[in-house]
Amino acid sequence: MTHIGRSVVLKGDLSGDEDLTIEGQVKGRIDLPDHQLTIGANGRIDAELSAKAVIVIGNVTGNIRASERVEIHDSGSVTGDIQAPRLLIHEGAVINGAVDMSDPDAPEPSSAAKSEKTEASA
């Protein structure tokens with residue numbers, strides 16, 4: 001696990017192959033497709049986030065996409081859209097944006113299946 005301390009300021013794209021905890025400031029993009037990203041209590045993020053799981057204890061400005069889950073603690077705030085199949089919001093958390101809880105790995109129904117479904121309901 002990697003830890004970015006509260007005095008660290010990063011600007012640009014950040015990616016990796018291990019879990020990451022951020023207590024500092026990041027502006028740009030963070031991509032951890034197979035790992036957990038934790039925004040600590042002192043974390044101030046202005047970035048697009050993509051990870052397997054995202055835990056927000058600090059502040060995030062930007063869209064969040066998680067393949068498994070997003071958890072926002074009572075001290076956490078998110079200004080941006082969230083896309084994840086599972087979302088846990090603690091009492092006191094702040095969200096300002098849209099939430100999409102569809103499974104990003106679910107296959108799109110084929111046009112034939114959509115047509116059959118429409119005919120069956122008509």
**Message:** For a quick check of your reading of the filter: which GluC sites (Glu not before Pro) in region 11-51 sit in a DSSP loop and have no more than 15 other Cβ atoms within 10 Å?
**Reply:** Glu18
**Gain on full stretching of the segment that runs from Asp34 to Lys11 - 0.36 nm per residue minus C-alpha separation** = 6.1 nm
**Asked** Using 0.36 nm per residue, how much length does the chain from Arg86 to His3 gain when fully extended, once their Cα-Cα distance is taken away?
**Response** 27.4 nm
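Values quoted throughout were computed directly from the atomic coordinates according to the rules given, and no laboratory measurement underlies them. In this text the structure is predicted, and so the values were computed from the model without any measurement. Cβ coordinates were reconstructed from backbone atoms using ideal geometry, including for glycine residues, and neighbour counts include every protein chain displayed.
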